[in-house]
Amino acid sequence: MDMNDVTIIAVSIGLAVIFVTVNYLLQTSETKTTCKDSAIRIHLPPLLFGSMKEFMDVFFGLYSPEIVVDRVRQLKTRIVRVPKLPFMSAPFIILTDHQSARKILEDPKSTKFGMSTALFVDIARGSNFITEEGHRWKHVRKQTSPAFSSKNIKLMVETISSVTDKWIEGFLEPSIKAGRGIDILKEANRITADVISKVAFDHDFTNSEREQFLRDLLNCWIVFGSAAPQNLLKQFKLTRLAFSDVREAMRASKRMVSLCEKILQAYREKSVKQPHKLIHMINEDPEYDTDTERVRDMVMYAIGGFDTTSNAIAFALLELARYPEEQTRLRKALQKCETDEEARYSPALKYVARETLRLHPPAFGSVRVCSRDYIFENYHDDKAATKTLVPKGAVCITHSYAIQRDGMVFKDPDCFDPARWVSPSDDMMKSLFTFSLGRRNCQGQALAYAELHEIISKLCRKYEFGIVKEGEAQTMVLSKPVGTILSAKIATK
């Protein structure tokens, strides 16, 4: 079959999908949901988007979090609904208040929504512990949890420190002398990729390995995470190969899998093993049926262990460059510390890290399927509330970005203000969804915090950063400061 044949098939199936969808919409109306308690007037949440197409275009676009927040604020409500998919009876609900989102995430019977994990199946070239429910993911998480123990995190800090020192000596100092701007996202990616390869996989990336890995992952984020969800034909096995960007992304994912296969084999050939490291725990786990399963999980740990952290580091330095007075305040606090360890645990650094992650959470949120009916108080900006039904089977998006910018909880919610964390309210603390909540929260959050604290403390204690080009926040599954160029110099105050 040549490419013309594939294209014809793709178009034919596309037309069939469109016909079935239109026919469905013409013959069906939205299912009404009732509540058992008829004495209480219950409402479904208001619609946030006029059509599913509009929702898909926005939600998988580059500026999705900002648009959702703006629209929720315009509606002056906290729980909203998007139009149903034609082939699904369950509604899609977006939760932007911490009370309802917590109940969904902390419900042990809520499950992941299968379509939301398709991206990770594509990247790892098959199911993995991130996409699975039941025994598989529980076992992998339990088996690998010791890798993220407090004892191991302390060992990891030594590696984080040495990798950062090497970057300062090999890149930052020469850039300062040459007066070159710093693409802070690119450099944060390099630092954290080198860290995760060492602390998790006992592997030293070559420059070419690292750069290829970073290019391949970005390609997968763009295609599998953004472009494909907006085009049904890019999701079906029979039709997706007609698209050149999908074919290239599939080659990119294959290279990432091959790299992890190489890393696993290299570890097995080492005479000295590292039982405390993640790769050892994966290698020695007898419940894996094949190395293919091991490698898929390694891919997930690799991308989860560096990309979110590098984005946070880049955003932190950008915010500190935007607000020089905050940068100076942090530097003075760090310089008062007598040891590196004291600097890592500085309250001023903790406030900067927390505020960065509030404004720029690693991911926009989590997606869960409700295990039962919920009735929530849907608060409005005038603090009046309506009882809102989130029915069993509803697909709930707990929108971290919106929750952490809730004007009813945070004063000046879009402003970078680390001092707000000196004496936070209970609602403020409960509104932090940085690493999700419940049984599927981020397993590596302690490592992420360790990297953020160690790297920012080292850089801001001695150097001053300014903005050459601000760039913009773009979302390709994860939010990133794209095009941000910073300047650096030895700090004088």
Worksheet item: Considering region 211-225 alone, what residues qualify as being in contact (Cβ under 8 Å) with a residue 40 or more places away in the chain and open to solvent by 20 Å² or more (accessible area, probe 1.4 Å)?
Response: GLN212, LEU218, ILE222
Item to complete: May I ask you to list pairs of residues, at least six apart or on different chains, whose Cβ atoms are under 7 Å apart, with the first in region 460-478 being under 19 Å from LEU359 (Cβ atoms) and the second being surrounded by fewer than 17 Cβ atoms within 10 Å (Cβ to Cβ) and of a type in the set (D, E, K, R)?
Response: ILE467/ARG322
Worksheet, complete the sentence: In region 365-379, anything surrounded by 14 or more Cβ atoms within 10 Å (Cβ to Cβ) and not in a strand (DSSP E or B) is listed as CYS370, SER371, ASP373
Item to complete: Among the numbered conditions (1) at pLDDT below 95; (2) in contact with a His (Cβ under 6 Å, 6 or more places away or on another chain); (3) not aliphatic (A, V, I, L, M), tell me where ASP373 comes up short.
Response: (2)
Fill in: Every pair of residues 6+ apart whose Cβ atoms lie under 8 Å, when the first sits in region 47-70 and is of a type in the set (D, E, K, R) while the second is surrounded by fewer than 16 Cβ atoms within 10 Å (Cβ to Cβ)
ASP57/GLN230
Fill in: region 110-130 residues that are on the phi > 0 side of the Ramachandran plot, paired with ones that are open to solvent by 50 Å² or more (accessible area, probe 1.4 Å) (beta carbon under 6 Å, 6 or more apart)
GLY126/ARG296
Worksheet item: Pairs under 7 Å by beta carbon, first residue in contact (Cβ under 8 Å) with a residue 24 or more places away in the chain in region 181-210, partner buried (at least 24 other Cβ atoms within 10 Å of the Cβ) and among the charged types (D, E, K, R), six or more apart or different chains?
Response: LEU185/LYS480; THR192/GLU451; VAL195/GLU451
Worksheet item: Here are some conditions: (1) over 19 Å from the mean Cα position of the chain (by Cα); (2) surrounded by 16 or more Cβ atoms within 10 Å (Cβ to Cβ); (3) among the basic types (Lys, Arg). LYS112 meets all but one. Which one does it not meet?
Response: (1)
Discussion item. Under 6 Å between Cβ atoms, which residue pairs at least 6 apart in sequence (or on different chains) link something in region 417-430 that is surrounded by fewer than 16 Cβ atoms within 10 Å (Cβ to Cβ) with a partner that is of a type in the set (Phe, Trp, Tyr)?
Written reply: none
Practice prompt. Give the residue, chosen from LYS489, LYS458, LYS493, that is assigned to a strand (DSSP E or B) and either surrounded by fewer than 18 Cβ atoms within 10 Å (Cβ to Cβ) or in contact with a Ser or Thr (Cβ under 6 Å, 6 or more places away or on another chain) (or both).
Written response: LYS489
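If the requirement is being more than 30 Å from ALA242 (Cα to Cα), at pLDDT 85 or above and buried (at least 17 other Cβ atoms within 10 Å of the Cβ), which of these qualifies: ASP97, ASP70?
So the residue among ASP97, ASP70 that is more than 30 Å from ALA242 (Cα to Cα), at pLDDT 85 or above and buried (at least 17 other Cβ atoms within 10 Å of the Cβ) is ASP97.
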Worksheet item: Yes or no: SER149 under 28 Å from ARG344 (Cβ atoms) and surrounded by fewer than 18 Cβ atoms within 10 Å (Cβ to Cβ)?
Response: yes
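The values are calculated or read from the model by the stated rules, or taken from the named source; none is laboratory data. Since the model is a prediction, treat every value here as computed from it, not as a measurement. No Cβ is skipped: glycine too gets one built from the backbone with ideal geometry, and neighbour counts run over all protein chains shown. Calculation scope for accessible area: heavy atoms of the full protein, side chains included, ligands and nucleic acids excluded. Shrake-Rupley method; radii C 1.70, N 1.55, O 1.52, S 1.80 Å.
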